[in-house]
Every structure is written in structure tokens, then in C-alpha cells.
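**Student:** Could you have a look at this structure, given as C-alpha cells, before my questions?
All of the numbers you see were taken from the coordinates with simple rules; none came from a lab. All figures in this text were calculated on a predicted structure; none of them were measured in a lab. Cβ atoms come from the backbone with ideal geometry, glycine included; neighbour counts cover every protein chain shown.
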């Protein structure tokens, strides 16, 4: 208990807070528009915080400032050591893979060759010795050369229904950013919050959570972090000497809150984060006869789970960092003023908002919704071949509408009132669409191609049969798998982890003769619940790179959240998920049995 009486604190006036940058263009990641010489901190991997001055610094700058002399500093030596370590690991994996190619595993050389390819690709993904997207191209030549899958089949994995759903979601997100709707939404929520740090933390986290359900969690974090930095800086400047430490704790809480909320917001919807879409595509590849998991299906269990984890995160961070806070407070009019600075709603903003709402409703009500006493027919039932319409169909239809709808140049955020253009601009143009994360798209494709090789060679069946422990109950197995995946994801990209582990999870279900959803969905959810290290997810890296979040604080707070999420995921697996998807967790469905028989034939 702190026996010191808190100092009398005056609310901060809006004029005390520097303007936050407009992050609608994620290529320009300036932290502050009007404070180009303000200092900020960068945090190294040991948790040491160092202050630097910057001018138009980029948020994701991870390397320390380049030294003017040619002497190698300790950071250079450390990075060089890590590079050599990664090279040694890959060489060992490469040699092991070569040996495997000459050994028949499971009585079939295709299994051993696929295992070698999987080891090489997984090692490169985990070590990031070369860019992840470059590694994703390797199945295109390795599988045909080893006689595992034809080139045409492998190439088909790089553009499918799931990837078009991802494209549609990203195009809508880019449109929201282009017309500043994401900032309108965020500032409106923050203006409703109180001036107390706990309420402010809740507002920032809630805005992040809702946005990341539909906008990429990376883009959401990139928008929220720069807008939070001026508030944190202002609190630190206003704090008295004895309250400096409390202001720093507030900064840690906010950065952790934004990262956590972005991660779990992605859980809530099917398009919220890449692992969810990886699950959907792998399900189609491994179990062609499986019922489709629609946007509405996922939302029915993903949103309640994400919301519950969000509330726990907020309570936990508030208790851990703000329970005895007595530092400066923020005038909530700051956010109301920022909202007013955005001006009146334009036609384009209203139009995009209507289309966004329509898209969400069309996704939610596309398929039949089963309730206890009745079934609500989906709108696709009015079509003779309504089952041919997927979530990607709707998403791409709305995207094309955005591309062909005219817009006024003067309504673009930041454009002068008399702005004109020699050509007609549209609500969404190709210049904006060029910002699509094509590296993620090809990374998806690499994972889907790897899954095709697993199924075609029989490797997934062979692995699944050896990973099941009969002596352990199913809930315990799910908890152990979930917990392990969370920690594996802490060390590597969640997209890469999901590409590797979801096919293996499917075969574990086949071997245990339980519903594939019982293991595949927990593994998918676990890939978004890695809170301990920056490399685990892009939002973690964005928050860490701000300089306000020492790695020791991320690890300290993340261990608890990893355990809690594992417990909640197991609880959902045996309660709400079976109800939402109309299944029995421990029953092996006919569509899975058919796929399992075909794979082993």
C-alpha cells in the first residue's frame, strides 16, 4: 500500500497534446505530424530503454541508428551471431532432409520426401533466414521435382476462394482508411470514455478490438499506436517527479492493451486475422466434403470468445499497471476535438459506411442460422444454386462496386476544398489497392500448397497417428496442444505457424477419431493468442517498436494471458463451438471418415 498522498492533478488541455499522424496511408508511418523533433524511445531485446531524437521516424524501425564509423557495435555482433546461428540450424535441417529423401518412412518414399520439404520450409519460416514470402514459393518446384504433386495442382493453391475472401476484406479495409472512417470511429469511441486512465485504456482497447474484427489487425495497430503516443508523452511531461514511474506504467499498459486487443479482435471474425482464413482453406483441402464454416458460423463463437478475452485483458492490465495510479489525467475533450477536426461527413464516407454495413450483414445472413425452435433461412436460398455463393463472392462484388463508384477529389482527407482531377476518381482506385499485402497472399498460398503435399503423400495421416496420446483425455490433449502452439507462435509468425500446424491438427483428429473441429479450431485460435514476444504477431511488433514497451514487461504480462487463453479456448471447444457448428466434439463425422479413407488409399 502506498502511504503517500497523491498529488492534486489537473486535467490536460487539448492544446497540450501534439497532433497524431494520419495513418490511413500505412506507407507513411510518421509518429507525429507537428512534433518532428520530439524524442521517443527504442527498446532492445534485453528490455533496455534508450532515448533517441527523431525526425519523421518510422514506427516500425527496428534497427538501432546506423553508426557513422565502421566499427561494429554490440548490436551488430549480436545480430551477426544470430545470423550464423540461423544458418547453422538451416544447414542441419537441410542435411537431415537430404538423408530423409533416401529413407522410406511409412513404407512410402513420398512421405519421406514430403517430410524433407516440410522440414526445409518450416526451418526457413521459423528462422526467417530468407523472407517468408520467398520460402512460400518453394513448393512450386520442390513438390513436382520430387514427384509428390503436379505443378498445376500446386500452383492452384496460390489463388483460391479463401484468398479472394482475404482480398475482399483488405480492399474494404483500405477503403475505410482512404476516407478516414477508421479515425472517425476510433476518436468517437475515445470521446465517450472518461478522463481516468482506466477508462482511457478501455477506450483505446475497445476501439482497437472492434476495428481489428474487420480491418487487418496490423493496420489497426499501426493506426492506434501513433495516436496513443502523444497522449502518453503528454502525461509523462505533466507528471510530477514522484509520479514519473506511474506515467511510464500507463504507457506500458496502453501499448500492451493495443497489441492484445488487436490480436483478440482478429479472433472474433473469419477475416480478422490470417490464421482464421488458413483454417478455412485447409479445411476445404483436407476435407472436401466438410460443411463450410461461414462468416456467421465463426462469428457466433469467435465474437463471444474474443470479447471475453478482451474484458479479461483490460481488467488484468488495469490491475497490473494502473490500480494505484495517481498521475496526470487526460481531458476527454481531446478526442472530441480531434473528431470535430475531421469535419462534416462526406458523401463518400456515408456511402462506404453503408456498403461496409451491408457487406457485414450479407456475410452474417448468407447461410441458414439454426436456433433451438426454428431455422432462419439465409438470403442465398432465393437463388436456385445459392450454395455456389460464398463469402468471397459477396466480398468481391462489393469491392468491384467500390472500384466503379465515382468520388469527388475535394472530399479526400487532406485535399484542398477546390481540388480537382483531370480524370474521374472512384471511391477505391488501383493506386490504393496496390497497398494490398501481396506477401501475405503468397504466404497463404505456400501454406496451402504445403497442405496439398501433406495430403497427397500421406504424410499428414502418418504424423497424426503418431501424435495422439490415448492415455490422456481429449480435453487435456486439446489444452496441451493449444498451450504448446501459443508458445511456438511466440517465437515465429502466427501465419507460418498456422500453415504448418493446422494440417497436422487435422490428422491428429483423424487418428483420435474425433471431430476435426475439436483440434483444428483450438490450434487456429491459439495462433492469435501469443502475447509474450514481439515476433509472435504483427500487433506485438508494432507496440514493441513504439519504444514504450520493454520486452520484459511483454513477457511478464504475456505468460498469464497465454495460460488464461488456453483454458478459455478449451472451454469454448467443448461448449459454444459444438453448439455453433452443430457437432459432437468426440464423434468422427462421416465427411471426415471419407476424407481419411481417401487419403490413406
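**Student:** From the P(r) of the range 174-309, can you give the percent of Cα pairs sitting at distances over 27 Å?
**Tutor:** 30
**Student:** With 10 angstrom as the radius, rank 287, 339 by how many other C-beta atoms surround their C-beta, starting from the fewest.
**Tutor:** With the fewest neighbours first, 287, 339 line up as 339, 287.
**Student:** When 379, 120, 462 are ordered from fewest to most other Cβ atoms inside 10 Å of their Cβ, what list results?
**Tutor:** Fewest-to-most Cβ neighbours within 10 Å comes out as 379, 120, 462.
**Student:** Something else: Find the eigenvalues of the gyration tensor of the Cα atoms of the range 523-572, then list the square roots of 5 times those eigenvalues as equivalent ellipsoid semi-axes, largest first, in whole angstrom.
**Tutor:** Each semi-axis is the square root of five times an eigenvalue, giving 22, 12, 6 Å.
**Student:** Based only on other Cβ atoms within 10 Å, what is the fewest-to-most ordering of 134, 523, 404?
**Tutor:** Ordered by Cβ neighbours within 10 Å, fewest first: 404, 134, 523.
**Student:** Separate question: At 0.36 nm per residue, and after removing the present C-alpha to C-alpha distance, how many nm does the segment from residue 375 to residue 552 gain when stretched out fully?
**Tutor:** Going from the current span to full extension adds 58.7 nm.
**Student:** So, one more: Can you tell me how the range 77-152 classifies by the Cα gyration tensor, rounded, prolate or oblate, using a/c under 1.5 as the rounded cut?
**Tutor:** Verdict is oblate for the range 77-152.
**Student:** Same structure again: How large is the translational diffusion coefficient of the range 152-210 in µm² per second when you combine the Kirkwood radius over alpha carbon pairs with Stokes-Einstein at 25 °C and 0.890 mPa s?
**Tutor:** The Stokes-Einstein estimate is 176 µm²/s.
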